[in-house]
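First the structure, in the form of structure tokens, and then the observations on it.
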Amino acid sequence: MQSEFSIQGTYPYNRSSATRWVISHIFRHRLIAVSAILAILTQNALNSLVQRLIGVAFDDHGLMQLRFASINDKPIPAAERLMHWPLGRRPDDHPGLSALGL
């Protein structure tokens, strides 16, 4: 399709098909296309790093090996403790968190 007016310095986009039109825009705006591809690769690398950090943080038994943050820095006095059972799973007859008001 010819335009009634001609503008000097316009980029010729290929309008023969939708695919060629998109490809011609990608070639016109290479910096944006390269930036998008680099952003996708960076995001995928950082997402895979999360899995690596989780794998390092816990051992085969599910116990934490690395500690990045803790809310348990202050000891709880024995009089304020609500959970009283030996190390391991909570006994079935012990009240849960909702029953204790937590």
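The values are calculated or read from the model by the stated rules, or taken from the named source; none is laboratory data. Keep in mind that this is a model prediction, so the values were computed, not measured. Positions of Cβ are backbone-derived with ideal geometry, glycine not excepted, and every protein chain shown enters the neighbour counts.
Only one of PHE27, PHE68 is modelled with pLDDT of 85 or more and of a type in the set (Phe, Trp, Tyr). Can you tell me which? Explain how you work it out, then say what you get.
Values: PHE68 fails: modelled with pLDDT of 85 or more.
From the options PHE27, PHE68, the qualifying one is PHE27.
The residue list ALA33, ALA45, ALA18 contains one member that is more than 30 Å from the chain's Cα centre (by Cα), at pLDDT 85 or above and of a type outside the set (Lys, Arg), which is ALA18.
Scanning segment 19-40 for any residue that is exposed (fewer than 10 other Cβ atoms within 10 Å of the Cβ), in a loop (DSSP other than H, G, I, E, B) and of a type in the set (Ser, Thr, Tyr) turns up nothing.
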